[in-house]
Amino acid sequence: MEVKLENVIPDVRTLDELKNVAYDKTWLATAQDTDLYYMYRGVEEKDGLRYDITIIPAVMLGAEFSKTKGHYHIGKYQEVYTVLEGTSIYLLQKKKSGSDDEIEDAIAIACQKGDVIVIPPNYGHITINPSATDKLTMANWISKDCKSDYSLFEKLQGACYYYILQPDSGQASWIKNPNYKIVPELRSEEPLKETPKDLSFLRAK
């Protein structure tokens, strides 16, 4: 789907808004506020669903790759993401019932242009731009009725894993967030190669 963004005013997420979920506290101590990503919401609407586009420039957060703030959906809503430009890693986590800091499943899905993922019900998620040079542009379909809850990511200072560049080797790696009581080993899944033709499941609460 081709859309024009010229007449859409984006919601802008800044560094100040992500400070409490970022990994590199030493870098944050002197970092100046800056725009981190742009969310163009509702550029298309269809059958109770909303089509958004998000652009994440290649900006390192100190040692950490740039990312979205992270949220859970309120209710059992699902979401479909498609990478339009660049690369992404989607980090999904499912918390144990009755516990905010005990994670029972953690998934990383690496995506290239054209790849698609479906966020299952009850999984919190963040999007990471794993490139220090290329911006990430992605789209999503979601119910217009779905609301997002950012509070658990704020409380625990991010997702259960951080994706960083190791200072000694310069290699990218996953680091467990020590604010969580239980974090399972991260598993990977393959993305879909096309968007599901029937998106009516996204309207389910």
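What to note about this one:
- Rg(Cα) / (2.2 N^0.38 Å) computed for the range 101-205, rounded to two decimals: 1.20
- Relative contact order of the range 31-156, taken over Cα pairs closer than 8 Å and 6 or more residues apart, is 36 percent.
- E44 long-range amide H proximity, modeled H, under 5 Å: Y51
- Cross-link partners of K76 among aspartates and glutamates, defined as those whose alpha carbon lies under 19 angstrom from its own and excluding same-chain residues fewer than eight positions apart: D47, D100, E104, D105, D145, D149, D198.
- Projected area averaged over orientations for the range 11-187, convex hull of C-alpha atoms, nm²: 9.9 nm²
- In the range 88-169, Cα pairs under 8 Å separated by at least six residues give a relative contact order of 31 percent.
- Of all lysines in the structure, the ones whose alpha carbon falls short of 23 Å from that of K181, not counting any fewer than 8 places away in one chain, are K19, K25, K67, K69, K94, K95, K96, K155.
- Only Lys, Arg, Asp and Glu carry charge here, each on its Cβ (+1 for the first two, -1 for the last two); on that basis the chain has a dipole of about 420 debye about its Cα centre.
- Length added when fully stretched, D24-T133, from 0.36 nm per residue minus Cα-Cα: 37.3 nm
- Between K96 and Q112, residue separation times 0.36 nm minus the direct Cα-Cα distance comes to 2.7 nm.
- Sites A58 and D198, calculated FRET efficiency, Cβ-Cβ separation with R0 45 Å, nearest 0.05: 0.85
Here, each number is a calculation from the coordinates, and none is a lab measurement. If you're wondering where the values come from, they're calculated on a predicted model, not measured in any experiment. In this analysis, Cβ positions are derived from the backbone assuming ideal geometry, glycine residues included, and neighbour counts consider all displayed protein chains.
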